[in-house]
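The values are calculated or read from the model by the stated rules, or taken from the named source; none is laboratory data. The model shown is predicted, which means the values in this text are computed figures rather than measured ones. Every residue, glycine as well, gets a Cβ built from its backbone with ideal geometry; the counts of neighbours run over all protein chains shown.
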Amino acid sequence: MNALRKLRRGIGQIELVALPRPVPQSGEVLVAVRCAGICGTDLHIRHDMYSNLQPPVTLGHEFSGVVAEVGADVCSWQTGDRVTVESAAAFCGHCDHCRRGDTQRCPQRQAFGISKDGAFAHYVVARQEALHCLPGHVSFQEAAMTEPLAVAVHAVMERSCLCRGQVALVTGPGTIGQLVVQVARAAGARVVLSGTARDRDRLELARRLGADHIVFSDQQDVCGAVDLITGGNGADAAFECAGITAAVRDCLASVRKGGEVVQVGLTGRNIELCYDSICLKEITLKGSFTHNHQTWAKAVALLAESNVDLGPLISGEFPMEEWQQAFDLCEKGAGLKYLLYPNANSLEG
Ligand SMILES: [Zn+2]
Ligand SMILES: [Zn+2]
């Protein structure tokens, strides 16, 4: 089979190589990949800006596919089942975090495309518990976006207390920001989304998909705009999805007293903030990192109930052989989610 692999550390070092088809062991399932999304993480890996990477490794952690073969002791999956697969390839299962169900905090957690061979390949091997059955009406394309959707679900439904009738500020209209907007809307909140003039198309798309208000953070004062919308109260919750200092500041400034700020984006550097506002406004500041099994069940339920609309976030689709073109488009910041089709030119199907 063909696989797109990071062969060693360094800039680039990514090649399409031929590998033997993997064999599922006891408790494992072989999945024929249908679609796999390119994520910011993959771009960081391309530029050697991802320190946890364990090359050589096949990239790709956002995917959907069809069960092609099951290992011994697998009884709940059959050849032909349509699935999406949790990006956590493994965790220890016995540390305190795992026992609480917070497997995203497990120190032994391994992720597809980072420390385990991932989904930019004809086939990927996964533990049977990581699979989720796709409702019939959910396309492989939408299902390949379950991973970023689960990031949004964890932030909104598991890390924040956002509830119906409240106002949420979301900063950054990238894929995660768009999905946080949709999940917050599904939770019954009114949503204000901020971005820069450069993000105009993404902001307009978010408005069509449910954002109640959009704010241009480089032309307007975000806090002032939120005050106008909330009658001076401020947002009940802010979800920082841009990973830039100005957006973190906007979140702290725009939440009401007693409100909460959930940090979803990574800034990649030490930043300077008005830290006293956390004390003076009694802000609850929380981090939100990836997801766990329960999060995925909720994300699949949102897809099943058609409470989110992921199709419009897909900006381009490419056979895996054209990965460079797809990666380049992602890096230009044009559009949102690009999908690769590992089996598009394969007779193996
Ligand atoms: Zn990702
Ligand atoms: Zn653990």
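Does region 294-306 include one or more residues that are closer than 24 Å to Ser217 by Cβ, in contact with a Gly (Cβ under 7 Å, 6 or more places away or on another chain) and modelled with pLDDT of 95 or more?
If we filter region 294-306 for residues that are closer than 24 Å to Ser217 by Cβ, which is where we start, we get none.
Looking through region 294-306, none of the residues is closer than 24 Å to Ser217 by Cβ, in contact with a Gly (Cβ under 7 Å, 6 or more places away or on another chain) and modelled with pLDDT of 95 or more.
Any residue at all in region 110-118 that's surrounded by 19 or more Cβ atoms within 10 Å (Cβ to Cβ), within 13 Å of ligand 2 (Cβ to nearest atom) and either under 22 Å from the mean Cα position of the chain (by Cα) or of a type in the set (Gly, Ala, Ser) (or both)? For region 110-118, residues surrounded by 19 or more Cβ atoms within 10 Å (Cβ to Cβ), within 13 Å of ligand 2 (Cβ to nearest atom) and either under 22 Å from the mean Cα position of the chain (by Cα) or of a type in the set (Gly, Ala, Ser) (or both): absent.
Every condition in (1) more than 16 Å from ligand 1 (Cβ to nearest atom); (2) outside the structural domain of Thr58 (by TED's automatic domain parsing); (3) touching a His at 6+ places or on another chain (Cβ under 9 Å) is met by Cys161 except one, and the failing one is (3).
Are any residues in region 119-143 hydrophobic (A, V, I, L, M, F, W, C) and surrounded by fewer than 18 Cβ atoms within 10 Å (Cβ to Cβ), and if so, which ones?
Filtering region 119-143 down to residues hydrophobic (A, V, I, L, M, F, W, C) leaves 119-121, 124-126, 130-131, 133-134, 138, 140, 143.
Residue satisfying the conditions is Cys133 alone.
Checking each residue in region 265-293 for being in a loop (DSSP other than H, G, I, E, B), of a type in the set (Ser, Thr, Tyr) and surrounded by 12 or more Cβ atoms within 10 Å (Cβ to Cβ) picks out Thr267, Ser288, Thr290.
Scan region 300-349 for residues that are surrounded by fewer than 16 Cβ atoms within 10 Å (Cβ to Cβ) and of a type in the set (Lys, Arg) and the total you get is 1. Just one residue in the set Cys163, Cys241, Cys223 is surrounded by 22 or more Cβ atoms within 10 Å (Cβ to Cβ) and in contact (Cβ under 8 Å) with a residue 12 or more places away in the chain; that residue is Cys241. There is at least one residue in region 83-99 that is more than 16 Å from the chain's Cα centre (by Cα), at pLDDT 95 or above, within 20 Å of Val138 (Cα to Cα) and more than 8 Å from ligand 2 (Cβ to nearest atom). The residues of region 294-306 that are assigned to a loop (DSSP other than H, G, I, E, B) and either among the hydroxyl-bearing types (Ser, Thr, Tyr) or in the same structural domain as Ala111 (by TED's automatic domain parsing) (or both) amount to a single one, Ser306. Here region 77-102 is the region considered, the condition is being touching a strand residue (DSSP E or B) at 6+ places or on another chain (Cβ under 7 Å) and within 16 Å of ligand 1 (Cβ to nearest atom), and the residue that is farthest from Ile114 (Cα to Cα) is Thr84. For region 1-16, a residue qualifies if it is outside any loop (DSSP other than H, G, I, E, B) and under 12 Å from His122 (Cβ atoms), and the qualifying residues are Asn2, Ala3, Leu4, Leu16. Arg5 passes every criterion in (1) farther than 22 Å from Thr146 by Cβ; (2) among the basic types (Lys, Arg); (3) within 16 Å of ligand 2 (Cβ to nearest atom) apart from (3).
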